[in-house]
1. Filter the stretch 518-535 for residues that are touching a Gly at 6+ places or on another chain (Cβ under 9 Å), open to solvent by less than 30 Å² (accessible area, probe 1.4 Å) and more than 20 Å from ALA609 (Cα to Cα) and give the result.
2. How many of the residues making up the stretch 452-480 are open to solvent by less than 40 Å² (accessible area, probe 1.4 Å) and either at pLDDT 95 or above or touching a helix residue (DSSP H, G or I) at 6+ places or on another chain (Cβ under 9 Å) (or both)?
3. Could you grab the pairs with beta carbons closer than 9 Å, sequence gap of 6+ or different chains, first residue in the stretch 145-162 and over 25 Å from ARG201 (Cα atoms) and charged (D, E, K, R), second one in a loop (DSSP other than H, G, I, E, B) and open to solvent by 20 Å² or more (accessible area, probe 1.4 Å)?
4. Do the conditions hold for THR679, that is, is it open to solvent by less than 10 Å² (accessible area, probe 1.4 Å), within 26 Å of LEU443 (Cα to Cα) and assigned to a helix (DSSP H, G or I)?
5. Can you tell me how many residues within the stretch 743-785 are within 19 Å of ARG438 (Cβ to Cβ), touching a helix residue (DSSP H, G or I) at 6+ places or on another chain (Cβ under 8 Å) and of a type in the set (Val, Ile, Thr)?
6. Determine whether the stretch 649-667 contains at least one residue that is under 30 Å from PRO789 (Cβ atoms), part of a helix (DSSP H, G or I) and open to solvent by 20 Å² or more (accessible area, probe 1.4 Å).
7. Mind listing just one residue for me: the one in the stretch 189-217 that is among the basic types (Lys, Arg) and assigned to a loop (DSSP other than H, G, I, E, B) and, of those, surrounded by the fewest Cβ atoms within 10 Å (Cβ to Cβ)?
8. Inside the stretch 759-781, can you point out the residues that are exposed (fewer than 15 other Cβ atoms within 10 Å of the Cβ) and part of a loop (DSSP other than H, G, I, E, B)?
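The values are calculated or read from the model by the stated rules, or taken from the named source; none is laboratory data. Given the structure is predicted, the values throughout are model-derived calculations rather than measurements. Here the Cβ is made from the backbone with ideal geometry for all residues, glycine too, and neighbour counts use every protein chain on show. To get the accessible areas, we keep the full protein, side chains included, count just its heavy atoms, and leave off ligands, DNA and RNA. Shrake-Rupley method; radii C 1.70, N 1.55, O 1.52, S 1.80 Å.
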Amino acid sequence: MTAILADLRFALRLVARRPGFTALVVLILGVGIGATTAIFSAVYPILFAPLPYPHAERLVTVQERGKDGSPAGIGFATVQDIATMSRSFAGLAAITMWAPTLTGRDTPEQLNGEHVSSTYFSTLGVLPALGRDFLAEEDRQGAPRVAILSNALWRGRFGGDSNLIGKPITLGGTAFTVVGVMPAGFANVIMPTVQIWTPLRYDVSLPYACRTCHHLRVVGRLKPGITTAAALTELNAISARLVADHPTEYGAPGMLVPTLQDQVIGGVRPALLAVLGAVALVLLIACANVANLLLARAALREGEFSVRAALGASRGRVIRQLLAESLVLTGTGGVMGVALAVFGVQALIAIAPAGLPRVEAISVNGPVLLFTVAVVTVIGVVFGLVPAWHATRQDLHQGLKQSGRRSLGTRRVMRSSLVVSEVALALVLLVGSGLLVRTMIRLFAVSPGFDAAHLLTMQVQTTGPAFNDDAYTFAYFDRVLAAVRALPGVESAALTSQLPLSGDYDGYGVHVETKPRANPEEDPSEFRYGVSAGYFAAMRIPLRRGRLLTAGDRADQPPVVVINESFARKVWPNEDPIGQRVRIGAADTGPWRTIVGIVGDVKQLSLSAEQADGIYVPEVQWPYADGAMSLVLRTRGDPRALAASVRSAVWSVDKDQPIVRVATMAALAAQSEAQRRFTLLLFTAFAAVALLLAAAGVYGVLSGTVTDRLAEIGVRSALGASRRDILAMIVGQGLGLSGLGIALGLVGAFLLSRLMVTLLFDVPHTDFLTYAVVTTLLLVVALGASWVPAWRAARVNPITVLRTE
């Protein structure tokens, strides 16, 4: 132990004696380790850490399987049958979204909520920290209305008042009794933004509690010893029995039972793995740079090592000393990396897309620090052993004879190999970044089906008993439209029940009068838009055939609809849909609606998603009024400048109705591709760092080569070599190393870019333009990095060099 401490003290003195070299190594390692630690801080809780629930590995989601095998929601009657017939689950709970408006305290506030089965929290294994859980009798029609609050809502809106338990709060004009508050650390991974929960209170007699109402999500806890495969086998048998008993109420037999973890992270896994791979490449490039620096310094110390050996120092003693020096350097770099990672994590949280799960768990914590220590230790040992191996294998007589002059041989080969690897890794990163840049360019060149310029949007909620009357709701929105249209700068305004590219999803089955199916569940399910007159004009959605919806399509007039082109092509590929009749929702109830027009397709979910089949209904002809409508305003100037005026106009009609999601349509379009933008931003940052490190590597090796070959260059100059010849020789060496690295990098990029296919849009992973631009960029950077050492070599005075030799 005494010897080890002595080695560490000597190492500290040695690195302090070379502050410039030490600072450079620590900076390079700090950037590489810091970036890696920050990304691992985000990836670990999302992809690798178990969910924050007891025995989280037993938590699954239960889904019906659609006709094409894709997952679908479940109807309440099916959930009840599963709960009764299955023997695999210790707990089962249904969930549906809820957006209540909290009133009675200051200004109205829309909350993100969930209606859940009374077994929801017990299934997850987390109970309220204050108060109690829901009771089974509270999950029934007619039971008293109760609610459980999130800890953040309880503290933020109610000041952490413990006396709130048992007290009423007003949600949507209805009183709810607060019965519990969840713990501060409770993470609702199914819907992270949820602030309040209330019992589902479904009953099979309700029209929306049917088998064909696929709007419920289900989470279950498997019994100990039951595997997901066993549960799936049992559920498939139950599904087959239900389909046999109710053949017209299911599209296809079969269920899906993904784990809750897979359900939560499935959508972001490809992007996070790609980012993790990218930062790993940055770390490797940083390590290669530091290895080059340490090899260069080891060359300067060959004489020192030979003297030590001559004085009796053993090979083990030299290796131990070099390991101590390496660990001091990498340890300091690790400390700097952790400091950078703390800031990096905050930056990651700030730019993270809205759908990124478990953002609250991202931090530099114990597992992350253990990962960093492991990385630092591995790097330190490797960096210590490589120069130690060179130092202890040289010939003692030759080392003393050289007195510190660098031997070339294998060291030059190794340093050149490191540069080649740096260039290759940098090219892989640059290709990945380039493919993502091309993807974003292609995405934002996609027409969303409407003109997003000068469009301001906001969602207006309705709350209070008066809005239980559809006629009152329609009249309220008519007054809102009149108030908004009267504002200076508003060119046109309209309302829609769901807004494109906003995350809205409202689908209904559509049944065609002339094309009945034996099983109505096999009829297509389409996006249903309840719109006001003028919506297509405000959005500038083009009319293809027939007519648009007008103010004359009132509630007392024959029901009509407008469909989009993709729906028309799918159902009537060789017919004219105008005049055909469809029924929306249940196959056997509701009015037949006549198709009066066909409009252009609109992107609903995202710019990269397929065209959404859509059907547009006059909102006043819908059997019940939509409680939330999105205002769409086309302005003559900057739409953001009108936001405050529009809010005031809406509140002039009724000041108690909340307004949410105020945004320009251009911002919503960009937000719909936030995950790709997040990945692009990180890839681009890492690629820029990799490019700089690769350039530094080329410069460092060539600079060392010039120093090593001063005598040779002097002789060449004395024998008549011109400055141009010397320049060409050194630059050619740099371009040769870079060219080899580019060749290897192209192979690596071709292989690894296939893993990014899910992140690309309309761009092949072998995109020629991307590869050509990246290759040219690397060659230009390599030329610039080679030029300075080459210029120095060309200015060598042969007389001075030869006299020194």
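1. First, pick out the residues of the stretch 518-535 that are touching a Gly at 6+ places or on another chain (Cβ under 9 Å): 519-529, 533.
Right, trim to open to solvent by less than 30 Å² (accessible area, probe 1.4 Å) and you get 519, 523-524, 526-529.
Passing the criteria: ASN519, ASP523.
2. Of the residues in the stretch 452-480, 13 are open to solvent by less than 40 Å² (accessible area, probe 1.4 Å) and either at pLDDT 95 or above or touching a helix residue (DSSP H, G or I) at 6+ places or on another chain (Cβ under 9 Å) (or both).
3. ARG155/ALA184; ARG157/ARG105; ARG157/ASP106; ARG157/GLN195; ASP161/LYS167
4. Considered against the rule, which asks whether it is open to solvent by less than 10 Å² (accessible area, probe 1.4 Å), within 26 Å of LEU443 (Cα to Cα) and assigned to a helix (DSSP H, G or I), THR679 comes out as yes.
5. 7
6. no
7. ARG201
8. Passing the criteria: ASP762, PRO764, THR766.
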